Amino acid sequence: MKTNPLIKAIETKNFSDFEKAWTKLHNRLTETDKQHLLTEIIDYHYTDKEFHFYVNVFDKIIDSKVSLDFNIDLPAPTLLSLVVLKGSRKLFDYFLRKGANLNFIGDTYAFMPEESTQPDIEEPDTERYSTCLDFAEHRLADDLVVNYRSLVIDIKEYITNWQGIDDKEEITVKKRDYYCLLEQSEYLRDLIRYGRLVEHIKSLGGKTYSQLTGK
C-alpha cells in the first residue's frame, strides 16, 4: 500500500521518518487515502499516552486539506464515533478544533451492496443513520445492558474500615481473582468514559439523528 512507509514510522514513533515519508508521498495520496490513513492510525495505533506525537502526525495529514466528515467501514461509522470508541476526550476535542462537524450524520450502510440496504421490513432511519452522540449513547447502553457481566463481590465481612489498612501491607491473590478485578476495573472505566463523553458532546451542542431530523 502507498501508506506503508507512513504506518511504519507510526509504529516506531519516529516523527522524523514520518515527515520524510510524508514529503515524498502526500502529493500522491487522494483525500480518501488520507481519510483511510487517519482511520487506520486511530483504530490500530493511537493512545492518549502518545497524544502529542499523534497530534503532530494528524496536523500533517489534516493540513493538507482533508475533510474530517466521512463514513468509515467499521462498527464506528464516522471519524468522531471512532474517537468515541477510543474513549479519548482530548482527541475528540482536537478533531473538533480541526474542523470536524459535531453533528455529522454517518450512514452505517455506506459500504454495503445496494441490494443489502433494502430490508424486507422497513427499518427506522435511526437504525441506519447516527451522529457521534448516537454512537456514544449506544456504547454506554451496551455496557450497561449487553456487556453487563461483572460479578458483584461482597467484601463487607472482610473489611469494615478502609482507613485502617496499612499502606505497606501486601497481599497475594490468585490469578483468576486478579483477572476478575482487572475485568471489573476495565468495565467500570468504560462506563465512566462513555458517560463523560455523552455529557461532553451534549454540552458542546451535540444532537442525535432524531433530534436533528425530527424522525
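The values are calculated or read from the model by the stated rules, or taken from the named source; none is laboratory data. Computed from a predicted structure; not experimentally measured. Every residue, glycine as well, gets a Cβ built from its backbone with ideal geometry; the counts of neighbours run over all protein chains shown. With ligands, DNA and RNA removed, areas are computed over all heavy atoms of the protein, side chains included. Shrake-Rupley method; radii C 1.70, N 1.55, O 1.52, S 1.80 Å.
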Output the 0 to 90 degree angle, nearest 10, between the alpha-carbon long axis of helix 51-62 and the longest principal axis computed from the alpha carbons of the chain. 20
Residue-normalised 222 nm signal for the chain, counting each DSSP H run of n ≥ 4 as -39,500 (n - 2.57), nearest 500 deg cm²/dmol, is -16000 deg cm²/dmol
Using only Cα atoms, find the angle between the long axis of helix 132-144 and the longest principal axis of the chain, and express it within 0 to 90 degrees, rounded to the nearest 10. 30
Over the chain, with the other protein chains present, what is the accessible area per residue in square angstrom, probe 1.4 angstrom? 65
Percent RCO, i.e. relative contact order, over segment 1-145, from Cα pairs under 8 Å lying at least 6 residues apart: 20
Cα-Cα over 25 Å: which of Lys34/Lys215; Lys90/Lys175; Lys34/Lys90; Lys2/Lys49; Lys13/Lys60? Lys34/Lys215; Lys90/Lys175; Lys2/Lys49
Shape box of segment 1-142 [Cα atoms, principal axes, largest first, Å]: 53, 31, 23
If you line up the long axis of helix 31-44 against the longest principal axis of the chain, both from Cα atoms, how many degrees apart are they, to the nearest 10? 10
Considering only Ala21, Ser88, Cys132, whose Cα is most displaced toward the positive end of the charge dipole of the chain, charges sitting on Cβ of Lys, Arg (+1) and Asp, Glu (-1)? Ala21
Return the single residue from Val83, Val55, Val198 with maximal mean-square fluctuation; model: Gaussian network over the chain, springs between Cα atoms under 10 Å. Val55
Using a 1.4 Å probe on the protein heavy atoms, what percent of the accessible area of the chain belongs to carbon and sulfur? 50
